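Inspection log for the structure reproduced underneath, given as structure tokens.
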Amino acid sequence: MIELNFSNMMEEVLGEKGISERQIEALRGKIGDAHTQIKARTWPELAFIDLLYQDTSDIKKIAKYVRDNSDDFLILGIGGSALGPRAILEAISPFHNLKHKPRVFIYDNVDPRTLKNILLLVDLKKTTVNVITKSGSTAETIASFMILWDEMAKIFGSKASERFIATTDPDKGNLRRIANEKGIRALSIPPGVGGRYSVLSPVGLLLAEVIGIDADEILRGARDIHERCSEPEIWKNPAYVFGTLLYLMEREEKRNINVIVPYADGFKSFSEWFCQLWAESLGKLGFGLTPYPSLGTTDQHSQLQLWMEGPEDKVAIFMRVDDYGGDIVIPNAFEEVEGMNYLIGHALSSLIKAEEESTELALARVGRPNMTINIPKIDAYHMGQLFHFFGVATAFTGFLYGINPFNQPGVEEGKNLTYGMMGRKGYEAEREKVERAREKKSCWKI
Ligand code: PA5
């Protein structure tokens, strides 16, 4: 089971810069209210919790079809429709494309250079494309879908639909309509589940199954942590403690930056997934906790100086791994060289763990708060726990702030302006807004 160690957030360790039990106790009213909202499913978007009990047989069936018919699997999606699959892929199957088939490509932008390269690399005759968009209308995903559809139609004609899987809303949106009309195999993202909370839906689970990871094992992990994350008592609930401490650090200590620092290369994409979840869910109405992704030990040689001696506006969240699933012992080389020979006989895993612990300690010693999520092993079961833990923690923290952690009005504004610029019908007013803004923008140039 993953575990949260928050000693380095508390006044017993940090002195006056830490949080006291009394401060947490004083929040009991708000915490209770947030818990009630989650328990009573006051928001339809809390449907992400129901994903833990879904039947995965359709996902497994479609994954088998993909494995049997593809050398390459290309995901088209953006935001929550791409970050979750990538987090699973990179955590559980590092260097996947060099070792396994189908190879996986995740195209989550509209950079023409990237897509050109992907198209050069894959053999479209043996490629299955998974188009993932909850709304079925996101410009980036729809544009790349149109391009891939056209390419596939040139090869397969009326059978192009066999090369696609649509993951989208069960009823709404253009992608669902096209999937129904063209007979494209489709999986549903349940109506209440929003993009960034969708990793445990077919959005992430299809990719998992395609690369040979048991989706049920991911869900088993999520269900196990859910037992703890649904505890009403704050001191027994790691997701509530996590959210409450970061909330208090921001409200009372003005620490509004949350650096997530996994000590495992495989979690690099996971930290990007977390950043989207945290930023897009909590950044609204003038509130917000700014996440930024980092990587141990690499960023000790890039960012740590800032965390140690820079502005006192951050909290570090370390992710520590017990079992890396393999190890290498540093051999007896250069025994005679002082300053190198102390490493002989140590495993790389003990070096990375020592570095993680030293960083925690160094920060705590100068009154810089941090907490650590301990992960027994990087596998499907614990990935499920991590995803669900952060999902609950994010919704809960949003409720502490009294905001809606499920919408993203700021993102929608950007999407609408893009529609206007690209000439979509019904968005003429947005186009005018852009044109007016462009006039001002052209005044100042150098
Ligand atoms: O969390 C969200 O809802 C967003 O980040 C979406 O995932 C992103 O905008 C993509 O949306 P869609 O899946 O509808 O294409």
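The values are calculated or read from the model by the stated rules, or taken from the named source; none is laboratory data. These numbers come from a predicted model, not from an experiment. Counting neighbours? That spans all protein chains shown, and the Cβs are built from the backbone with ideal geometry, glycine included.
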> Within the set of pairs 6 or more residues apart or between chains, which connect a residue that is outside any helix (DSSP H, G or I) and away from the ligand (no atom under 11 Å from the Cβ) inside the stretch 168-179 to a residue that is small (Gly, Ala, Ser) and at pLDDT 95 or above with Cβ atoms less than 9 Å apart?
Replying inline: 170/186; 170/188; 171/188
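Can you confirm whether residue 85 is within 16 Å of the ligand (Cβ to nearest atom), exposed (fewer than 15 other Cβ atoms within 10 Å of the Cβ) and modelled with pLDDT of 95 or more? Reasoning before the result, please.
Details: within 16 Å of the ligand (Cβ to nearest atom): yes; exposed (fewer than 15 other Cβ atoms within 10 Å of the Cβ): no; modelled with pLDDT of 95 or more: yes.
For residue 85, the condition - within 16 Å of the ligand (Cβ to nearest atom), exposed (fewer than 15 other Cβ atoms within 10 Å of the Cβ) and modelled with pLDDT of 95 or more - is not met.
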>> I'm checking my understanding of the structure. Among residues of the stretch 285-320 that are at pLDDT 95 or above and among the charged types (D, E, K, R), which one is farthest from the ligand (Cβ to nearest atom)?
In response: 309
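Quick one: which strands (runs of 3 or more DSSP E) lie wholly within the stretch 47-157 and hold at least 3 residues that are more than 27 Å from residue 222 (Cα to Cα)? Don't jump to the end; show me each part of the working.
On the way: elements: 72-76, 103-107, 127-132.
It comes to 127-132.
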> What are the residue pairs meeting all of these: first residue in the stretch 1-29, first residue outside any loop (DSSP other than H, G, I, E, B), second residue crowded, with 16+ Cβ neighbours inside 10 Å and of a type in the set (Lys, Arg), Cβ atoms under 9 Å, and 6 or more apart or on different chains?
Replying inline: 5/320; 8/368; 11/17; 14/368; 17/368
> Taking the stretch 355-382 only, how many residues are touching a Phe, Trp or Tyr at 6+ places or on another chain (Cβ under 8 Å) and either more than 30 Å from residue 37 (Cβ to Cβ) or hydrophobic (A, V, I, L, M, F, W, C) (or both)?
Replying inline: 9
>> Restricting to the stretch 395-427, give me the number of residues that are within 16 Å of the ligand (Cβ to nearest atom) and of a type in the set (A, V, I, L, M, F, W, C).
In response: 6
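For the stretch 253-269, state whether one or more residues are within 16 Å of the ligand (Cβ to nearest atom) and small (Gly, Ala, Ser).
First pass over the stretch 253-269, keeping only residues within 16 Å of the ligand (Cβ to nearest atom): 269.
Filter once more, so that each one left must be small (Gly, Ala, Ser): 269.
Checked against the condition, which is being within 16 Å of the ligand (Cβ to nearest atom) and small (Gly, Ala, Ser), the stretch 253-269 yields at least one hit.
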> For residue 277, which of the numbered conditions (1) surrounded by fewer than 18 Cβ atoms within 10 Å (Cβ to Cβ); (2) at pLDDT 95 or above fails to hold?
Replying inline: (1)
